[in-house]
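Before any comments, here is the structure.
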Amino acid sequence: MKIICIGRNYRKHVEEMNQQFPEQPLFFMKPETALIRANLPFYYPGFSGEIHYEAELVLKICKLGKNIQRRFAHTYYDAVAVGLDFTARDLQQRCISKGHPWEVAKAFDGSAAVGPFVPISSLKNPDDIRFSLKKNGQMVQLGSSAEMIHGFDALIEHVSKYVTLKIGDYLFTGTPAGVGPVKVGDWLALLLEDKEMMSVAIK
Ligand code: ZN
């Protein structure tokens, strides 16, 4: 399986990073080895001094597809989870300033934590899926799928133009404002609607 991640998909997050708004969705990938299974810790890597959390909604792909039209896109995912796109912000800034690829900052082992998936059909309002992140008990990020610049179906359409989607692939859909650093000893808790889905200890 593969993990596809969308960048710059929430207006206030783009503003807090002082970045440009993309005309089309931006995406990058993480390998399967980036996954942290539910409730296992995140081990702070020695190569970075500035790891940031990014809480995101994650879609699970349920059908093989390529060049998917937007009006059919909703049939290609059936479940959603909350996940963390851990980012080595210091390495990422260096990569961006030099025009280098940023896998060292985004694709390292443990950089993708994903909570348990829930069927989209079980949600009250699939167009307004609320999620949040607490750090050491304090709410630091709060978002909703309704605030995305490019919605789920537009993302599926765009990504599948370039990359075949396969059953079991994950799509991270971007992070809202409020990203920030973690340090050893911190606890992160991910909530979907008002329910805590997963916690991650930083070790
Ligand atoms: Zn992200």
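The values are calculated or read from the model by the stated rules, or taken from the named source; none is laboratory data. Keep in mind it's a predicted model, so treat the numbers as computed, not measured. A quick note on method: Cβ atoms are made from the backbone with ideal geometry, for glycine too, and the neighbour counts reach across all protein chains shown.
State whether one or more residues within segment 102-109 are modelled with pLDDT of 95 or more and aromatic (F, W, Y). Checked segment 102-109: at least one residue is modelled with pLDDT of 95 or more and aromatic (F, W, Y).
Please find, among H150, H100, the residue that is assigned to a loop (DSSP other than H, G, I, E, B) and within 15 Å of the ligand (Cβ to nearest atom). Just one listed residue meets the conditions, H150.
Do you know which of the residues in segment 30-59 that are more than 12 Å from the ligand (Cβ to nearest atom) and part of a strand (DSSP E or B) is nearest to H150 (Cα to Cα)? Among them, the one singled out is L59. Does segment 128-143 include one or more residues that are free of Cβ contacts under 8 Å to residues at least 24 places away in the same chain and within 29 Å of H74 (Cα to Cα)? Yes, segment 128-143 has at least one match.
For the condition away from the ligand (no atom under 16 Å from the Cβ), touching a Leu at 6+ places or on another chain (Cβ under 8 Å) and not hydrophobic (A, V, I, L, M, F, W, C), Y76 qualifies. None of G137, G110 is at positive phi and either β-branched (V, I, T) or touching a strand residue (DSSP E or B) at 6+ places or on another chain (Cβ under 7 Å) (or both) except G110.
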